[in-house]
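Novice: Just dropping this structure here.
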Amino acid sequence: MNAPPATTARRRLAAPTVAMLPRIADSLSFLYLDVVRVLQDDTGVCAEVTSERRGRETVYLPTAALSCVLLGPGTSITARALATLARHGTTVLVTGSGGVRCYAGAQPDSLSTTWLERQARSWANDSLRLAVATAMYEKRFGAGTVPPGTTLEQLRGMEGQRVKAQYRILAQQYKIGRFRRAYDPAQWHEQDPVNLALSSANTCLYGIVHAAILALGCSPALGFVHSGNQQALVYDIADLYKAQLTIPLAFSLHASTNPEAEARRSFRDGLRLFRLLPRIVHDIQELLDPDGTGEAPDPEEQLVDLWDPVAGSLPGGANHGVGP
């Protein structure tokens, strides 16, 4: 069976929701799937859905053009299909609905380590780490807001003042009195609607950030502001968007009787307009490569190099012995 045009494919799979996210920086493409079976046949990898009214429908996936496939609820994938995606260098992530929350990820051997190496170098060097932390702050609150020589402790203080000011403004806007951020899992349901909605929306945000970090080949554990947790970089990057996304949303649900569910639904519905995944990838690349001098190599052309303290890297697959 020949693959139908992209627009027809999306229309035919409207019930299970197959949505191709736009092509973004670094030639990354994301495909989100849910309520489908992903398998390999003689033609290629396809998404298959069966319904009583329409029977079995099949749409073939452009595996060679995909860098990341997000498998949402109701999906299954065969070992053959997973092997084909790995051969094409495609990262496969198991996520929640709409790409919210990232539960597990399978990264192919061909995934470039370019961005991971940049992350590790910046993380291991105190001066570079502070520079990245400063750039994160300025992404949140505007360029030029950090005076030269500002320490990390001062950055934390500046951030705390800004966030408290936003809480105060939104509390006045929604006439809910004094607001204090609280997160206590042991007394979860005793918290006010704003705190419940904010915790729920933030969890969704963490999932999407986690998915983007894995798709780039970076480590979620090597954070620049946060530390000591496997999600450290996730928390760092998620903080870039809370003031625009999750905090205003949480305050708007101050009178909700079910703030957690409403926060998840509203957050997911607003993602397409915000184009969050492309923005996350662009921001991470800009933070790790502020001069824009580096690009990830083509996986098909990339070979395993050898590290050299002087040359930086030497070609692998060659005998470097001297003499006969």
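Novice: Is it the case that Arg264 is in contact with a helix residue (DSSP H, G or I) (Cβ under 7 Å, 6 or more places away or on another chain), more than 25 Å from Arg162 (Cβ to Cβ) and either free of Cβ contacts under 8 Å to residues at least 24 places away in the same chain or surrounded by fewer than 20 Cβ atoms within 10 Å (Cβ to Cβ) (or both)? Full working, then the answer.
Specialist: Details: in contact with a helix residue (DSSP H, G or I) (Cβ under 7 Å, 6 or more places away or on another chain): yes; more than 25 Å from Arg162 (Cβ to Cβ): yes; either free of Cβ contacts under 8 Å to residues at least 24 places away in the same chain or surrounded by fewer than 20 Cβ atoms within 10 Å (Cβ to Cβ) (or both): no.
Judged against the criteria, Arg264 is not a match.
Novice: Take Ala221 and tell me if it is surrounded by 15 or more Cβ atoms within 10 Å (Cβ to Cβ) and in contact (Cβ under 8 Å) with a residue 40 or more places away in the chain.
Specialist: no
Novice: Residue check, Gly160 against (1) out of contact with any Phe, Trp or Tyr (no Cβ under 9 Å at 6 or more places or on another chain); (2) surrounded by 14 or more Cβ atoms within 10 Å (Cβ to Cβ), all met but one. Which one?
Specialist: Only one criterion in (1) out of contact with any Phe, Trp or Tyr (no Cβ under 9 Å at 6 or more places or on another chain); (2) surrounded by 14 or more Cβ atoms within 10 Å (Cβ to Cβ) is unmet by Gly160, namely (2).
Novice: Another one. Within segment 106-217, considering only helices (runs of 4 or more DSSP H) that don't extend past its boundaries, which have at least 3 residues that are more than 30 Å from Cys68 (Cα to Cα), hydrophobic (A, V, I, L, M, F, W, C) and in contact (Cβ under 8 Å) with a residue 24 or more places away in the chain?
Specialist: Working: elements: 114-124, 126-141, 152-173, 193-216.
So the answer is 152-173.
Novice: Would you confirm, using the coordinates I've provided, whether Ala106 is at pLDDT 90 or above and either surrounded by fewer than 17 Cβ atoms within 10 Å (Cβ to Cβ) or within 30 Å of Leu33 (Cα to Cα) (or both)?
Specialist: Judged against the criteria, Ala106 is not a match.
Novice: Could you count how many residues in segment 261-295 are closer than 30 Å to Ala171 by Cα, modelled with pLDDT of 90 or more and over 14 Å from the mean Cα position of the chain (by Cα)?
Specialist: Summing the residues that are closer than 30 Å to Ala171 by Cα, modelled with pLDDT of 90 or more and over 14 Å from the mean Cα position of the chain (by Cα) in segment 261-295 gives 2.
Novice: Right, next: Collect the residues in segment 154-179 that are among the charged types (D, E, K, R), at pLDDT 90 or above and more than 27 Å from the chain's Cα centre (by Cα), keeping them in residue-number order. Give the derivation first.
Specialist: Of all residues in segment 154-179, those among the charged types (D, E, K, R) come to 156, 159, 162, 164, 168, 175, 178.
Restricting the remaining residues to those that are at pLDDT 90 or above gives 156, 159, 162, 164, 168, 175.
Of everything in segment 154-179, those that are among the charged types (D, E, K, R), at pLDDT 90 or above and more than 27 Å from the chain's Cα centre (by Cα) turn out to be Arg168, Lys175.
Novice: Within segment 224-242, track down each residue that is outside any loop (DSSP other than H, G, I, E, B) and surrounded by 20 or more Cβ atoms within 10 Å (Cβ to Cβ).
Specialist: Leu233, Val234, Asp236, Ile237, Ala238
The values are calculated or read from the model by the stated rules, or taken from the named source; none is laboratory data. Every value quoted in this text rests on a predicted model; they were computed, and no experiment measured them. Every residue, glycine among them, receives a Cβ derived from its backbone with ideal geometry; neighbour counts consider all protein chains shown.
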